[in-house]
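S.K.: Pasting a structure here, questions to come.
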Amino acid sequence: MESSIDKVKVIVRYFKQSTTAADKLTKYLVDHGLPPKRLKQDCPTRWNSTFYMLERFIELEEPLRATMAVINKDIPVISLEKWKAFKVLCQVLRPFEEITRSVSGEKYITAGSVVIYTRCLAESLNLLMHDNVLCDVVYLVALNLKKGLEERFKNIEKSGTFSLCLLLDPRFKLKAFEDQATGLLTKNKLIEMVQCQISKQFNFQPVPKETSIEKEKK
């Protein structure tokens, strides 16, 4: 897939550097009653700029194919199969772009949000992979993304810090836990932590909970 994206970069660079090619593309758009949009160039330090480049590239598919057909230059040819692959790849990457934009727009990101975001990304990938809409090359991209999420955020909901933050976040609380047992354990842990802090502050021991055996004796 990387080699195909490199071809897109070459084409975009050509239209950016050639005023003749850019003018022909603009003329085609205007003649067909379409808004005069320009191609977007990616930035090596920002992954989502590659997404924006591909998104605009497939948006201008017909105008580009028509314009490149009349340009007598040795520029890469994109097959119909690759055009379809780019469209599906954008489907895979769009949730990642949306979350990246959302996180970038916040002054700070809460730990609870990290749990929700990673779960949303994993579910999005699972849906696309099981719906048989991905061609082989894009399926591999999705699979690698899924493996990356699992390696970096495995059992994040059961992490002490993240689970407490998820519970304390008023937007999520217990209902956000995928595993309700983990949610209840976290709640009990929080209660114990609060009791411990209170007892330290006021210098007294918390009343121990009755065990089931003690209750039966009564």
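Readers should treat all values here as calculations from the given coordinates under stated rules, not as data from a laboratory. Owing to the predicted nature of the structure, the values given are computational and were not obtained by experimental measurement. Note that we place each Cβ from the backbone using ideal geometry, even for glycine, and neighbour counts take in every protein chain shown.
S.K.: Would you look at the GNM of the chain, springs on alpha carbons closer than 10 Å, and say which of N126, N48, N203 moves the most?
M.R.: Checking each option, the largest mean-square fluctuation is seen for N203.
S.K.: Per DSSP H run of at least 4 residues, take -39500 (n - 2.57); add these up for the chain, divide by its residues and hand me the 222 nm value, nearest 500 deg cm²/dmol.
M.R.: One gets -23000 deg cm²/dmol as the mean residue ellipticity at 222 nm.
S.K.: Could you give the length gained by full extension between T19 and W83, i.e. 0.36 nm per residue of separation minus their alpha carbon distance, to one decimal place?
M.R.: 20.6 nm
S.K.: Let me ask you something else. Run the numbers for V30 and Q197: contour at 0.36 nm per residue of separation, minus the present Cα-Cα distance, in nm.
M.R.: So the extension gain works out to 53.2 nm.
S.K.: Using a Gaussian network model of the chain whose springs link C-alpha atoms within less than 10 Å, name the residue from Y14, Y52, Y108 with the highest mean-square fluctuation.
M.R.: Maximum fluctuation in the GNM of the chain, among the listed residues, is at Y108.
S.K.: Roughly how far apart, in whole Å, are the Cα centres of segment 111-150 and segment 46-70?
M.R.: If you average the Cα positions of each part, the centres end up 24 Å apart.
S.K.: OK, next. Quick check: the angle from helix 180-202's long axis to the longest principal axis of the chain, C-alpha only, nearest 10 degrees?
M.R.: Helix 180-202 sits at roughly 50 degrees to that axis.
S.K.: For E150 and L185, what is the calculated FRET efficiency with R₀ set at 25 Å and r taken between the beta-carbons, to the nearest 0.05?
M.R.: The value I calculate is 0.65.
S.K.: Once you've got the GNM for the chain with C-alpha springs shorter than 10 Å, pick whichever of S199, S18, S163 has the biggest mean-square fluctuation.
M.R.: Comparing S199, S18, S163 in the GNM, the peak value goes to S199.
S.K.: Which of the lysines could a cross-linker span from K24 if the Cα-Cα distance has to be under 29 Å and same-chain partners fewer than 8 positions apart are dropped?
M.R.: Hits, sequence-local ones excluded: K7, K9, K16, K37, K40, K73, K82, K84, K87.
S.K.: Report Rg (one decimal) and Dmax (nearest whole number) for the chain, counting Cα atoms only, units Å.
M.R.: Here Rg and the maximum Cα pair distance are 26.4, 95 Å.
S.K.: Hey, another quick one. Evaluate the distance, in nm, between pseudo-label points positioned 7 Å from the Cα of A122 and of D74 along their respective Cα→Cβ axes.
M.R.: If labels sit at A122 and D74, their model points lie 5.0 nm apart.
S.K.: Enter the angle in degrees (range 0 to 90, nearest 10) between the Cα long axis of helix 19-31 and the first principal axis of the Cα atoms of the chain, meaning the one along which they spread out most.
M.R.: Approximately 80 degrees, to the nearest ten.
S.K.: Can you give the charge dipole size of segment 1-67 about its Cα centre, rounded to the nearest 20 debye, using +1 on the beta carbon of Lys and Arg and -1 on the beta carbon of Asp and Glu?
M.R.: 240
S.K.: Give me the Kirkwood hydrodynamic radius of segment 1-78 in Å, from all C-alpha pairs, to one decimal place?
M.R.: 12.8
S.K.: Pairing the Cα long axis of helix 2-17 with the longest principal axis of the chain, what angle in degrees results, from 0 to 90 and rounded to the nearest 10?
M.R.: Once rounded, the angle reads 60 degrees.
S.K.: If you look for lysine pairs in segment 136-200 that are eight or more places apart or on different chains, how many of them have Cα atoms under 22 Å apart?
M.R.: Eligible lysine pairs with Cα atoms under 22 Å apart amount to 17.
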